[in-house]
Amino acid sequence: MQIATDDVSVDQKELNPWEAQAVRFDLAAKKLNLDTGIWKVLRQPAREIIVHFPVTMDDGSIEVFTGYRVQHNVARGPAKGGLRYAPDVSLDEVRALASWMTWKCAVVNIPFGGAKGGVICDPKKMSQTELERMTRRYTAEIIEFIGPEKDVPAPDMNTNEQTMAWIMDTYSMHMRQTVTSVVTGKPVNIGGSRGRTAATGHGIAVVCDEAIAHLGMKPAETTVIVQGFGNVGSNAAKQLHARGYKVVGIAEWDGGLYNAAGIDIAALAEHKAKTGSVRNFSGAEEAVSEELLMRECDVLVPAATENVITSQNAAGVKAKILLEGANGPTTPRADEILEKNGVFVIPDILANAGGVTTSYFEWVQDRMGYFWTEAEVNERLDRIMTESFREVLRYAKEHGVNNRIAAYMLAVDRVAYTTKQRGIYA
Ligand code: NAD
């Protein structure tokens, strides 16, 4: 089937994130010469939960919401993955995101499997009290499937530390004791980790430093354009700005900004916090968001959502480095074009793994009941991100594959090894 996006046709299959994940998994499995049985095990999610649940809205009416929780794999440890609220959440999207969590946790070698959750809703049209009731009821619906040793949710698009506090409280009420380690990304005063909110952006900056050093570039001479100014995009921009990079463009859903001399990111964050948008910011000229992705720059950071670099626009990417802050921003057909054009891709399952790595630290600290300083958290995060980047590059060189397939190979190899070691129970 063909669908029209901005007057060009893109194959529907190209835009299905689950298909996109499967294509890369198959390529990596083939390169690894993976045992057929293990291939079958890792190709499917282990468990998919669908719940339809009622919520009383502020006006007294009852609305029924659909929620998902997909646990892709638990061979290496409890399932781990975010919870997303959006009107276009689908089972295939959640499946893809769950499998990416399995691969991501394996790339950075932390003891978790992969999961993801989503609720179909329009959070921008809901009040805080409606969001709280929806979150609590969703938690209650999936309660026997989550827990510190089973599956540990975290924030994702349109969910935040407040959402995690509600989940933790609901779970704790049912367990009749406070269980902070059931979720990560909580507020720091109730078991959150220092550094968690900024961790994904921080990790992005660490691998960016590694990549430019590898390519013989310097931060002060490196221009950056970021798509998305939410948690990941704004923190990546802040970190890169602080390290001396010139962030020249920001693309948001309602408009973009460009300033060849560099944007003052702290001032922009303040402006967005005050007005709810990046628009009408005096420190940059207005720009069309879609065009910003195709503009001259050294590093392009898609940090908003899936399918922004497709077969239709990949040839127009002028950046030397594509640094994937979002999950699944690039389609497999776009991968081929980028590779042909020599774009250095830092794939999502490596680039944005700083978030889950610090989530792992949060889970560890909760279970110890002993909390680290921000400097301790960041020092451990830096070490893991740096080592993982180098490991992926080593795999790419050794096996003659691009960075994305190298990251998948590294991950699939690790999960396959553990699966074989544990054996098949039956
Ligand atoms: P968020 O909701 O905080 O921010 C997303 C931002 O992108 C928002 O500001 C939104 O307005 C903007 N946006 C949405 N669609 C857009 C479009 N078409 N064009 C331009 N801007 C658009 O979400 P987030 O937590 O920052 O997540 C962003 C991406 O990063 C997602 O793919 C998510 O899965 C991934 N991710 C998040 C984390 C994390 O720790 N939060 C970790 C790893 C990966």
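The values are calculated or read from the model by the stated rules, or taken from the named source; none is laboratory data. The structure presented is a predicted model; accordingly, all values stated were derived computationally and were not measured. Backbone-built Cβ (ideal geometry, glycine too); neighbour counts: all protein chains shown. Ligands, DNA and RNA are stripped out before the accessible areas are found, and what is left, the full protein with its side chains, is counted by its heavy atoms. Shrake-Rupley method; radii C 1.70, N 1.55, O 1.52, S 1.80 Å.
Summary of computed values
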quantity	calculated
Members of the range 66-87 found to be of a type in the set (A, V, I, L, M, F, W, C), within 15 Å of the ligand (Cβ to nearest atom) and either surrounded by 24 or more Cβ atoms within 10 Å (Cβ to Cβ) or in a loop (DSSP other than H, G, I, E, B) (or both), listed by number	VAL70, LEU83
Filter result for LEU300 (within 17 Å of VAL392 (Cβ to Cβ) and within 16 Å of the ligand (Cβ to nearest atom))	no
Hey, ILE110 surrounded by 20 or more Cβ atoms within 10 Å (Cβ to Cβ) and assigned to a loop (DSSP other than H, G, I, E, B) or not	yes
Scan of the range 220-240 for residues that are surrounded by 18 or more Cβ atoms within 10 Å (Cβ to Cβ) and away from the ligand (no atom under 16 Å from the Cβ), ordered by number	THR222, THR223
Complete set of residues in the range 373-407 that are free of Cβ contacts under 8 Å to residues at least 12 places away in the same chain, under 30 Å from ASN189 (Cβ atoms) and either open to solvent by less than 20 Å² (accessible area, probe 1.4 Å) or aromatic (Phe, Trp, Tyr) (or both)	none
Of the criteria (1) under 30 Å from ASN189 (Cα atoms); (2) touching a residue at least 12 places away in the same chain (Cβ under 8 Å); (3) assigned to a helix (DSSP H, G or I); (4) away from the ligand (no atom under 14 Å from the Cβ), which one VAL364 fails	(2)
Residue list for the range 227-268, restricted to those being touching a strand residue (DSSP E or B) at 6+ places or on another chain (Cβ under 6 Å), closer than 12 Å to VAL301 by Cα and of a type in the set (Gly, Ala, Ser)	GLY233, ALA236, ALA237, GLY249, ALA251
Test: residue in the range 278-297 that is at pLDDT below 95 and part of a helix (DSSP H, G or I)	no
Criterion violated by ALA319 - all others in (1) open to solvent by less than 20 Å² (accessible area, probe 1.4 Å); (2) farther than 10 Å from VAL299 by Cα; (3) of a type in the set (A, V, I, L, M, F, W, C) satisfied	(2)
Subset of the range 359-372 [within 12 Å of ALA199 (Cα to Cα) and open to solvent by 30 Å² or more (accessible area, probe 1.4 Å)]	TYR360
So ALA251, is it of a type outside the set (D, E, K, R), part of a strand (DSSP E or B) and either in contact (Cβ under 8 Å) with a residue 40 or more places away in the chain or at positive phi (or both)	yes
Of residues in the range 241-254 being open to solvent by less than 20 Å² (accessible area, probe 1.4 Å) and more than 22 Å from the chain's Cα centre (by Cα), the one farthest from the ligand (Cβ to nearest atom)	TYR245
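Here's the yes/no breakdown for (1) part of a helix (DSSP H, G or I); (2) touching a Lys or Arg at 6+ places or on another chain (Cβ under 8 Å):
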{"site": "TRP18", "(1), (2)": "yes, yes"}
{"site": "ILE49", "(1), (2)": "no, yes"}
{"site": "HIS52", "(1), (2)": "no, no"}
{"site": "ASP59", "(1), (2)": "no, no"}
{"site": "VAL89", "(1), (2)": "no, no"}
{"site": "LEU97", "(1), (2)": "yes, yes"}
{"site": "GLY114", "(1), (2)": "no, yes"}
